[in-house]
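The block underneath contains the structure these notes are about, expressed in structure tokens.
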Amino acid sequence: MGLAGLSLGACGNAGSRPLLSSDTHPSDYPTVQAVRYMGDLLREETGGRLDIRIYAGGQLGSERDTLEITSFGGLDLNRVNLAPMNAIEPMTLIPSLPFLFSSTEHMRQSLDGPVGDAILQSLVPHNLVGLCFYDSGERSFYNTRQPIRTPEDMEGMKIRVQNSDLYVSMIRALGADATPMSLGEVYQSLVQGVIDGAENNWPSYETGRHFEAAPYYSLTRHVMAPEVLVMSLSRWNKLSEADQELVVNAAKESVPFMRSLWDERVEGAKTRLLAAGIEANEVDDLSAFQQRMEPVWDQFITSSQQQALVEQVQQIGRDLETRS
Ligand code: GTR
């Protein structure tokens, strides 16, 4: 459905119509299920006064486009990756840095605390209220040609990235060509040879059927940037304080629900893809990738506020290591 078919941001009683929410993934994907769960909670708690209607499968457009619509109030909720926000807000670059998080635990602890809160807060000047983060796992490279074991294997490859300069720089640092495009275009581009590969987590590699065209999945695990659920500031401001609290609490409650679905989905996708015959390989020397990508940290972490958060994330990592 196109946006023209919806009376988005229409006048009338904005307090009572359901919150309209967008997601690029299909209905059964963990992010969509989590927002649906959040809607169930709100409906139960308010006797149906607050509810969420989800437009899944990218039917309202790409993440970049729907994000813009959300920021001017044409959509109430939007579940996106942090990448399309990188151009809007520099604080969102932090969790997107290559090789920043050393484990899922490190990522979750960082985002569940003051670091995550500061990043969510940074969205308000852009007319977006950050409600919560969802997991997006580890992103690795896949391509149509051969297993990737060293950065040299990627030389000259055309790799699709999300619409983010940080991702473009990461790919260039590896000696490959970066082609930014929206998720919906990736499958055709792989099939037609417009690109040689892309990078994503196991569930998206499966859901988008990218594995059919690009059967080499090489576990570089270079980025662990999360998903984020945002609300338009204009809709937020129309809610009473009590309703704002209900919305935030329901969003927070959907996080553990999402994480358990996510962990299952990653395992399931891996099993199904290996059974379908994709060729996955571990990368023995990840430090070669890490070293090549390191300069992008300095390129994108340019303010003292960003630096302070990066240091907090690193400290959380060190604390986790000492405890283990
Ligand atoms: C997925 C993520 C989407 C989108 C997609 C992409 O992992 O869930 O929100 O960012 O990657 O690569 O475009």
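The values are calculated or read from the model by the stated rules, or taken from the named source; none is laboratory data. Just so you know, these numbers come straight off a predicted model, no measurement behind them. Positions of Cβ are backbone-derived with ideal geometry, glycine not excepted, and every protein chain shown enters the neighbour counts.
The residue of region 104-162 that is farthest from VAL191 (Cα to Cα), among those that are buried (at least 24 other Cβ atoms within 10 Å of the Cβ) and among the polar types (S, T, N, Q), is SER110.
On the basis of being closer than 30 Å to GLY197 by Cβ and touching a helix residue (DSSP H, G or I) at 6+ places or on another chain (Cβ under 9 Å), does PHE211 make the cut? The answer is yes for PHE211. Of the residues in region 196-229, how many are more than 12 Å from the ligand (Cβ to nearest atom) and of a type outside the set (Gly, Ala, Ser)? Within region 196-229, residues that are more than 12 Å from the ligand (Cβ to nearest atom) and of a type outside the set (Gly, Ala, Ser) number 11. Please enumerate the residues belonging to region 150-195 that are charged (D, E, K, R) and either within 16 Å of the ligand (Cβ to nearest atom) or touching a His at 6+ places or on another chain (Cβ under 9 Å) (or both). Result: LYS158, ARG160, ASP165, GLU185.
Yes or no: PRO84 under 11 Å from VAL228 (Cβ atoms) and not aliphatic (A, V, I, L, M)? So PRO84 passes the test. If a residue has to be polar (S, T, N, Q) and part of a loop (DSSP other than H, G, I, E, B) to count, how many in region 70-91 make the cut? The number of residues fulfilling the criteria is 1. Looking across region 11-69 at every residue that is of a type in the set (Phe, Trp, Tyr) and outside any strand (DSSP E or B), the one that is nearest to ASN86 (Cα to Cα) is identified as TYR29. Taking the criterion of being of a type in the set (Asp, Glu) and either away from the ligand (no atom under 14 Å from the Cβ) or surrounded by 18 or more Cβ atoms within 10 Å (Cβ to Cβ) (or both), the residues of region 61-89 that qualify are GLU63, GLU68, ASP76, GLU89. Starting from residues that are over 16 Å from the mean Cα position of the chain (by Cα) and surrounded by fewer than 17 Cβ atoms within 10 Å (Cβ to Cβ), keep the ones in region 258-274 and report whichever is farthest from GLY73 (Cα to Cα). Here the answer is LEU274. Given the structure, is ALA56 closer than 24 Å to ASN249 by Cβ and crowded, with 19+ Cβ neighbours inside 10 Å? Judged against the criteria, ALA56 is a match.
Tell me which strands (runs of 3 or more DSSP E) are completely within region 92-208 and hold 2 or more residues being in contact with a helix residue (DSSP H, G or I) (Cβ under 8 Å, 6 or more places away or on another chain), hydrophobic (A, V, I, L, M, F, W, C) and modelled with pLDDT of 95 or more, or say none if there are none.
Fully inside region 92-208 and qualifying: 128-134, 158-161.
The single condition among (1) in a helix (DSSP H, G or I); (2) under 19 Å from the mean Cα position of the chain (by Cα); (3) buried (at least 16 other Cβ atoms within 10 Å of the Cβ) that VAL230 does not meet is (1).
Whenever a residue of region 176-188 is free of Cβ contacts under 8 Å to residues at least 12 places away in the same chain, its partners that are surrounded by fewer than 17 Cβ atoms within 10 Å (Cβ to Cβ), lying with C-beta atoms within less than 8 angstrom and at least six residues away or across chains, give the pairs GLN188/VAL194.
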